[in-house]
Amino acid sequence: MEQPIKILIVEDNVIIADDMQSMLEEIGYEIVDNVIVYEQAIEVLKTQQVDLVLIDIILASDKTGIDLGKHIRDHYDIPFIFVTSNSDRATVENAKTVKPNGYLVKPFEQQDLYTSIEIALSNFIYGKQNGSQSNGEVNEDVPMSNSVLKDSIFVKKQHLYYRIQFGDIQFIKADNVYLEVNTIDKKFLVRSPLKDYLEKLPKNKFYRAHKSYIVNVDHIDAINSKDIMINNTLIPISKDFKEFIISAMNS
């Protein structure tokens with residue numbers, strides 16, 4: 001089942017924090033927690049699943065948002081955005097040292113917040129797909145498609161990124177430059193070569209059954225000499241894959 005992006009808010013102005021939470025929940029993001037100091041944020045990161053962090057640079061503690069940004073860079077593979085009232089050169093230069101995925105200056109509107117998150121996510125995803133950390137620049141030619149995180153993958157649908165557990169993916173079908181990712185009850189389109197996508201998936205579950213299909217072997221319901229069936233869908237299989245499946249069934 002797909003899950004919305006989980007966001008942690010670190011902001012010591014309670015009114016602003018609550019306003020941000022309302023804006024984000026209205027858009028469709030999930031707020032993991034809303035905290036005011038560095039130490040609380042560290043605890044949430046240790047105990048909760050967090051996909052993106054919004055961080056005020058000046059916090060109600062000795063440790064600043066920049067300290068938190070450094071901690072995230074050193075210990076977690078997730079994007080974060082600085083949210084601050086300070087846009088002076090010194091603050092910006094200091095913030096740049098921890099390579100944030102975005103920088104949003106207060107006051108801002110809901111659309112500003114949404115745009116900053118979308119750009120941060122897309123750049124972060126592009127950086128992961130290309131084996132490097134994003135430098136925060138926007139590449140308009142890069143499709144905002146997917147990113148792997150632990151036991152799941154992010155897939156963009158309309159204006160949100162959804163987390164899909166690997167186990168919920170039944171099969172993936174290539175259709176020209178797009179892939180159709182099929183779960184039990186939904187389909188998602190991503191732009192990626194089938195071969196590249198296969199490399200992002202667990203190798204003990206997902207196999208290339210045909211030149212145009214990747215399948216999750218856990219979801220195979222039936223098999224004959226030419227096809228397999230997954231959720232009432234017939235999927236053609238190659239000779240090699242048929243031999244592999246028969247061998248696996250007999251082992």
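Summing charges over neighbours of E109, with a neighbour being any other residue whose Cβ is under 15 Å away from its Cβ, gives -3 when K and R count +1 and D and E count -1. Ranking I223, N182, M20 by how far each Cα lies toward the positive end of the dipole of the chain (charges on Cβ) leaves I223 at the top.
For the listed residue pairs K6/K70; K99/K187; K46/K205; K173/K226; K96/K187; K200/K242, the alpha carbons are over 27 angstrom apart in K99/K187; K46/K205; K96/K187.
Expressed as a whole percent, the accessible area of segment 5-103 that falls on carbon and sulfur atoms is 47 (1.4 Å probe). Size estimate for the chain follows the Kirkwood approach: the inverse of mean 1/r over distinct Cα pairs works out to 19.8 Å. Looking at the square roots a ≥ b ≥ c of the eigenvalues of the Cα gyration tensor of segment 1-126, which shape do they give, rounded for a/c under 1.5, prolate if a/b is larger than b/c, or oblate? Rounded shape, in that the Cα axes give a/c under 1.5.
Full extension of the chain segment joining N231 with M249 gains 4.6 nm, where the gain is 0.36 nm per residue of separation less the Cα-Cα distance. Multiplying the residue separation of A60 and E26 by 0.36 nm and removing their Cα-Cα distance gives an extension gain of 9.5 nm. Using θ = phi - 60° in the Karplus curve 6.51 cos²θ - 1.76 cosθ + 1.60, the 3J(HN,Hα) couplings for segment 202-209 round to x, 6, 8, 10, 10, 9, 7, 7 Hz; x is entered for Gly and Pro.
Quick check on segment 41-113: what does the Kirkwood estimate of hydrodynamic radius come out to from the alpha carbon pairs, in Å? Its Kirkwood hydrodynamic radius stands at 12.7 Å. Averaged over its residues, the chain has an accessible area of 52 Å² per residue, based on protein heavy atoms and a 1.4 Å probe.
The values are calculated or read from the model by the stated rules, or taken from the named source; none is laboratory data. Note that this is a predicted model, so its numbers are computed, not measured. Ideal geometry is used to build each Cβ from the backbone, glycine not excepted, and the neighbour counts take in all protein chains shown. What goes into the accessible areas is simple: the full protein's heavy atoms, side chains included, and nothing from ligands, DNA or RNA. Shrake-Rupley method; radii C 1.70, N 1.55, O 1.52, S 1.80 Å.
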